[in-house]
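The values are calculated or read from the model by the stated rules, or taken from the named source; none is laboratory data. Small disclaimer: the values here were computed from a predicted structure and weren't measured. Note: ideal-geometry Cβ built from the backbone for every residue, glycine included; neighbour counts use all protein chains shown. Quick note on the areas: whole protein, heavy atoms, side chains included, nothing else; ligands and nucleic acids left out. Shrake-Rupley method; radii C 1.70, N 1.55, O 1.52, S 1.80 Å.
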Amino acid sequence: MAIAVLALLEERPMHPYEMYQLLLQRREDNLVKLRAGSLYHTVSRLADRNLVQETGIERAGNRPERTTYRITPAGTAAVRTRIAEILRRPVREYPIFPLALAEAHNLPADEVIALLGERITQLRDNVEELDVIREWATGKGVPRRYWISLEYLRSQTAHDLEWLDGLVQDLRDGSLQWEEDAGAAPCLSGEARDLGHDWGAALTAETLDALRKGDTVGQNG
C-alpha cells in the first residue's frame with residue numbers, strides 16, 4: 001500500500017480519498033488489497049516518516065475536509081529504492097493457497113476434486129478478464145510498460161490453471177494416491193521416519209545441500 005500511495009503522489013499531489021478512487025479505477029486492486037481505512041492509515045504513517053507532507057486542506061460543499069499530500073524528496077528516494085529491492089530479489093511471500101494444498105490430505109479426495117474444480121472455474125474467469133483488459137489496453141495504444149503487471153498475472157494464473165487441471169486429473173484417475181486415513185500416520189520419532197507428514201523433517205539441511213551439489217552420497221542421508 002505504501003508503494004502504491006507514493007507512486008501516485010509521484011504523479012501529483014492528492015488527498016487520500018482521491019488516491020483510493022484512482023487506484024480502484026486503475027484496477028490496482030489486482031495488485032494490492034485496497035481498503036479505505038488501510039490507505040488513510042498508510043498515508044498517516046508516511047507523513048510521520050516525512051515521506052509525504054500536507055500541502056493544504058480543501059472542502060467542497062457539505063463534504064468533510066480533505067487534506068492533500070505531496071511526496072517529499074525522501075519519499076521519492078524511498079519508493080524507488082523499495083521498487084528496486086523487490087525487482088532484484090525474490091522473497092518468500094507466504095500466500096495462503098500452498099498451505100491449503102499442504103493440508104488438503106485431511107479432506108476426502110472427492111471433496112478436494114470438487115473444491116479445486118470451483119477454484120479452476122474462477123481462475124478461468126480471471127484469465128478471460130485479464131485477456132479482455134489486455135486487448136482493450138493494446139487497442140487503445142496504452143504503452144506496454146503500464147500494464148506488464150497484467151501479463152505477469154495472466155501468465156501466473158494460466159500456469160496455476162494448467163497445474164491444477166493436471167492435479168485434478170491425477171486424483172480422478174488414481175495416479176495420485178489419496179489415503180483417507182492419512183491423518184492417523186505416526187509422526188517422526190528417532191530413526192523411525194514416516195515419509196508422510198514428516199517428509200520435510202527427514203530432509204535435513206545437509207542432505208539438501210548435498211543434493212543441490214549433485215552428491216549421490218547425500219541422497220542416502
Item checked: GNM top mover of 119, 172, 88 - the chain, alpha-carbon springs below 10 Å -> 88
Check: Looking only at 100, 202, 137, which one moves most when the chain is put into a Gaussian network model with springs between Cα atoms under 10 Å?
Finding: 202
Checklist line | Accessible surface, the chain, averaged per residue in Å² (probe 1.4 Å) | finding: 71 Å²
Notebook entry, point to check: How much length is gained if the chain between residue 45 and residue 89 is pulled fully straight, taking 0.36 nm per residue apart and subtracting their Cα-Cα distance, in nm to one decimal?
Noted result: 13.3 nm
Margin query: As I understand it, the value is the acute angle between the Cα axis of helix 36-48 and the longest principal axis of the Cα atoms of the chain; what does it come to in degrees, rounded to 10?
Written below: 70 degrees
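Using DSSP to define loop residues, name the GluC sites (Glu not before Pro) in the stretch 1-73 whose beta-carbon has at most 15 other beta-carbon atoms within 10 Å. List each step's numbers first, then the result.
Values: sites: 10, 11, 18, 28, 54, 58, 65; in loops: 65.
Hits after loop and neighbour filter: 65.
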Check: Do you know the relative contact order of the chain, to the nearest whole percent, from alpha carbon pairs under 8 angstrom that are 6+ apart?
Finding: 14 percent
Item checked: Mean ellipticity per residue at 222 nm, deg cm²/dmol - from DSSP H runs of n ≥ 4 across the chain, formula -39500 (n - 2.57) -> -18000 deg cm²/dmol
Next item on the list: Normalising by the residue count of the stretch 4-133, find the relative contact order in percent from Cα pairs under 8 Å and 6+ residues apart.
Entry: 23 percent
Next item on the list: Go ahead and set up a Gaussian network model of the chain, Cα springs under 10 Å, then flag whichever of 167, 87, 153 fluctuates most.
Entry: 87
Margin query: If you roll a 1.4 angstrom probe over the protein chains with everything in place, what fraction of the accessible area of the chain belongs to carbon and sulfur, to the nearest %?
Written below: 51 percent
Margin query: Need one number: nm distance between label points at residue 53 and residue 164, each 7 Å from Cα along Cα→Cβ, rounded to one decimal.
Written below: 4.8 nm
Item checked: the stretch 5-65 shape via C-alpha gyration tensor axes, a/c threshold 1.5 -> oblate
Check: Once amide H atoms are built 1.01 Å from N in the peptide plane, which residues 5 or more positions from residue 69, or in another chain, come under 5 Å H to H?
Finding: 14, 15, 55
Item checked: Length gained when the stretch residue 10-residue 119 is fully extended (0.36 nm per residue, less Cα-Cα span) -> 35.5 nm
